[in-house]
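Taking it in order: structure first as structure tokens, then the write-up.
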Amino acid sequence: MAQAELTANAMTTADGTPLKVSLRRAMRRNKLIAFGLTAPLLLFILISFLMPIFDMAMRSVDNAAVPEAIPRTVQALEAWDGEGMPPDAAFAAMAADLKEGQKTRTIGQAATRLNYQESGMRSLIMKSARRIGQYEAPWKAALIDIDDDWEDPAVWKLIKRQSGAFTAAYYLNALDYTYNEEGEVVEQPEYRQIYQMLFVRTLWMSALITGLCLLLGFPVSYLLATLPARHSNLLMILVLLPFWTSLLVRTTSWIVMLQTEGVLNDILVWIGLISDDGRMQMIYNKIGTIVAMTQILLPFMILPLYSVMRGISPSYMRAARSLGANPLVAFWRVYVPQTVPGMGAGGILVFILAIGYYITPALVGGQSGQLISNYIAYHMQQSLNWGLAAAIGTILLGGVLVLYLIYNRIVGIDNMKLG
Amino acid sequence: MAQNNIVEFNHVQKSYDGETLVVKDLNLHVERGEFLTLLGPSGSGKTTVLMMLAGFEVPTHGEILLNGTPINNVPPHKRGIGMVFQNYALFPHMTVAENLRFPLEVRKMSRADADKKVQRALDMVRLGNFGNRRPAQLSGGQQQRIAVARALVFDPELVLMDEPLGALDKNLREEMQFEIKHIHESLGVSVVYVTHDQSEALTMSNRIAVFEEGVIQQLAAPDQLYEEPRNAFVAYFIGENNRLRGRVKNVNGTSCTVELENQGGTVEALNINTGGQGSDTTLSLRPERVSVNPDANAVPNVFDARVEELIYLGDHIRTRVSVCGNDEFVIKIPNAQGHATIKKGENVRIGWAMEDCRALDA
Ligand SMILES: Nc1ncnc2c1ncn2[C@@H]1O[C@H](COP(=O)(O)OP(=O)(O)O)[C@@H](O)[C@H]1O
Ligand SMILES: [Mg+2]
């Protein structure tokens, strides 16, 4: 009954089509136009942003190089239970793979890949590949003759372990873990542990830099928002000036300022605060990274804060004063809470930028001031271990997303104001 | 001076730029329990006066007394003056109750007492159940009432309001005018109210100070201000008003004879604010005091007029005529039984009493 009445009462347009249908029809055109206008941007983002991220995520688990280069060995080891020596067939398969790989030049990649797991693997495989052509069956004796490492079951276990198309090894590596000979996940030996420390350092240094930016940026933003236009425009130019200067110039000028023979130390010696032999090491260490990055990221804190503060009418402070609050209480209880969206926006912006910062720590960080991204760059450019670089990068991305979610939960992303 | 004055301005002057005086030699007192309105066009210095009283601007010269003591050096938060701002200035990050509790908290009142007072203040503005809302969740009128409640919750003796109803639509504004008026009467606080809306000022005030360019043109009760404006500006600013220009021919006691410009004729008027015989003057005449086809010899001033326009407004008919060389002359014909019926283009005789026509400054 009720159902029938509802349908009977459903609104229709003059020609009898249900109102909902014709509304949808009218909206479809608008939607199509809107989509058409945004399609180029969507495509651009897809190609230049999402696909690289996807590719990176894939690279961090990709292990295709090994099964592609030594398919016969992989197959032969499948039946092996990992106890004692592998069957002779595995040696024969390896010999065939090495010969083939030497010809097609695919063996090098697999050798490099296995070397990440255990140094020495690359030279073992490359040497064997070069010399296997001079040998005849039986292959077991031949390989052992080339290098007696082939007698070591650990080598075969390693190959068996790394013969899948995907691997978690890069992630383990990025978190200072590895497989032991039994294939169990264990911590890296102490002298090889570095990434956990780097992640922790990157996090606390970014947090410290964010805090310093807030501390320094808040008064500047406040002045910007409250000074008469004549003065605040000048101040705004000073804030924006760094954007018009190359990042490299700004970073290197900090070297001039902070180095042991630099301006700051000279001044301190000159006014007698420190002795000439007591010059302070303020660059090529954590201090250098923190100082330079704080200065470089400061505008990203100031601008969102400023835009929020400008929207706060002076009548709030006046109202608070007229209600009996002294200037400090009025500021703390009425003004500051209203700047929280700006602090959130600036804070998250600076923190995310800091966590991925690369050039400045590379130039002024020395050894102790390097951040995780410097190691990503190292693995991209020097060691060419892209899988590890991708794994570190993906962990970093995941960390940022988690922080973003936490922020959203606590502050609410709708409250964030960037401009 | 008088014990009964809560506020006194003595020779107060204010300049922002060192070149022009925004407030020029202000002498004003506010009686205890009074509702005093500062009325004037935009830019006439009303807000400046209020801000000096609240302590947000410093007088360039002169003295302000609150309860008989000079407050020039007392910071705003120690003056104990409630204030309602035009944009309400309700703290957006606090609930309504927290907003109201704020002045009590900074006065270190106990939580229980504060909550009681907050509830009483909310009930006073008939928003008792709205304590947990945020200001953004209230309509304009409700925000306005909360702002009033917040300015009153800490029991100030004096409340300042700067165009508090400016942002509301007409119906709501009128409703709020009465509400504020009632709150004032029931609490007995003194109120200094700023507006540029003369009908609002007439509705609410005990006394009105009409401002122009930093000077009080007249300070009087609403009826007196309307009936007996002291100069042409006040007559023009308060209510509707016909203005005729002329020259004083001769003065006899309280009345005078004025020769209108453009051979408009001569008019008998009250000599209020002229420079004496031979000086230029503006005659001020309320539209509702002009009668159509008056009885012969009933009034001294009778002229021939041509009807230019009739506008039907329900309770009265607004008629524009040209008379005495002036075609902006307005008459209000009340829509009473047996009122004069006239048509556009007709010639009629109009007249007014000498007592209703005031000769003011030029
Ligand atoms: N903070 C200020 N600085 C400089 N000039 C001001 C300031 N506030 C007001 N004025 C000037 O003072 C005059 C009176 O302003 P105001 O007191 O706001 O008038 P009202 O409230 O009657 O509209 C105006 O000409 C205005 O431009
Ligand atoms: Mg004003």
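The values are calculated or read from the model by the stated rules, or taken from the named source; none is laboratory data. All figures in this text were calculated on a predicted structure; none of them were measured in a lab. Here Cβ is always computed from backbone atoms with ideal geometry, including for glycine, and neighbour counts include all displayed protein chains. Only protein heavy atoms, including side chains, enter the accessible area calculation; ligands, DNA and RNA are left aside. Shrake-Rupley method; radii C 1.70, N 1.55, O 1.52, S 1.80 Å.
Computed quantities for the displayed model
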{"quantity": "Selected residue (only one of B:199, B:186 is open to solvent by 10 Å² or more (accessible area, probe 1.4 Å), more than 25 Å from residue B:14 (Cβ to Cβ) and under 15 Å from the mean Cα position of the chain (by Cα))", "calculated": "B:199"}
{"quantity": "Test result for residue B:73, free of Cβ contacts under 8 Å to residues at least 24 places away in the same chain and open to solvent by 40 Å² or more (accessible area, probe 1.4 Å)", "calculated": "yes"}
{"quantity": "Selected residue [at negative phi, more than 14 Å from chain A (Cβ to nearest Cβ) and either within 16 Å of ligand 1 (Cβ to nearest atom) or buried (at least 20 other Cβ atoms within 10 Å of the Cβ) (or both)] from B:85, B:56, B:9", "calculated": "B:9"}
{"quantity": "Flag for residue B:98 being away from ligand 1 (no atom under 16 Å from the Cβ), over 26 Å from the mean Cα position of the chain (by Cα) and within 9 Å of another protein chain (Cβ to nearest Cβ)", "calculated": "no"}
{"quantity": "Test for residue A:175: is it hydrophobic (A, V, I, L, M, F, W, C), in contact (Cβ under 8 Å) with a residue 24 or more places away in the chain and not assigned by TED's automatic domain parsing to the domain that holds residue A:69", "calculated": "yes"}
{"quantity": "Segment B:17-53, subset within 11 Å of ligand 1 (Cβ to nearest atom) and in a helix (DSSP H, G or I), residue nearest to the other protein chains (Cβ to nearest Cβ)", "calculated": "B:51"}
{"quantity": "Within segment B:192-203, tally of residues that are away from ligand 1 (no atom under 12 Å from the Cβ) and touching a Pro at 6+ places or on another chain (Cβ under 9 Å)", "calculated": "4"}
{"quantity": "Some residue of segment A:61-70 being open to solvent by 60 Å² or more (accessible area, probe 1.4 Å) and without any contact (Cβ under 8 Å) to a residue 40 or more places away in the chain", "calculated": "no"}
{"quantity": "In segment B:241-275, the residues that are touching a Lys or Arg at 6+ places or on another chain (Cβ under 7 Å) and open to solvent by 20 Å² or more (accessible area, probe 1.4 Å)", "calculated": "B:241, B:259, B:261, B:266, B:270, B:272, B:273"}
{"quantity": "Pair list, Cβ under 6 Å, 6 or more apart: segment B:302-320 residue not assigned by TED's automatic domain parsing to the domain that holds residue B:336, other residue among the polar types (S, T, N, Q) and not in a strand (DSSP E or B)", "calculated": "none"}
{"quantity": "Within segment A:187-241, tally of residues that are open to solvent by less than 50 Å² (accessible area, probe 1.4 Å), within 28 Å of the chain's Cα centre (by Cα) and free of Cβ contacts under 8 Å to residues at least 12 places away in the same chain", "calculated": "1"}
{"quantity": "Helices (runs of 4 or more DSSP H) contained entirely in segment A:268-385, each with at least 1 residues that are open to solvent by 20 Å² or more (accessible area, probe 1.4 Å), closer than 28 Å to residue A:59 by Cα and not acidic (Asp, Glu)", "calculated": "A:340-355, A:359-364, A:372-381"}
{"quantity": "Inter-residue pairs, beta-carbon under 7 Å, first within 12 Å of residue B:36 (Cβ to Cβ) and in segment B:215-232, second open to solvent by 40 Å² or more (accessible area, probe 1.4 Å) and assigned to a helix (DSSP H, G or I), 6+ apart", "calculated": "B:222/B:202"}
{"quantity": "Options B:159, B:148, B:191: the member that is outside any helix (DSSP H, G or I), more than 18 Å from residue B:222 (Cα to Cα), open to solvent by less than 60 Å² (accessible area, probe 1.4 Å) and of a type outside the set (D, E, K, R)", "calculated": "B:159"}
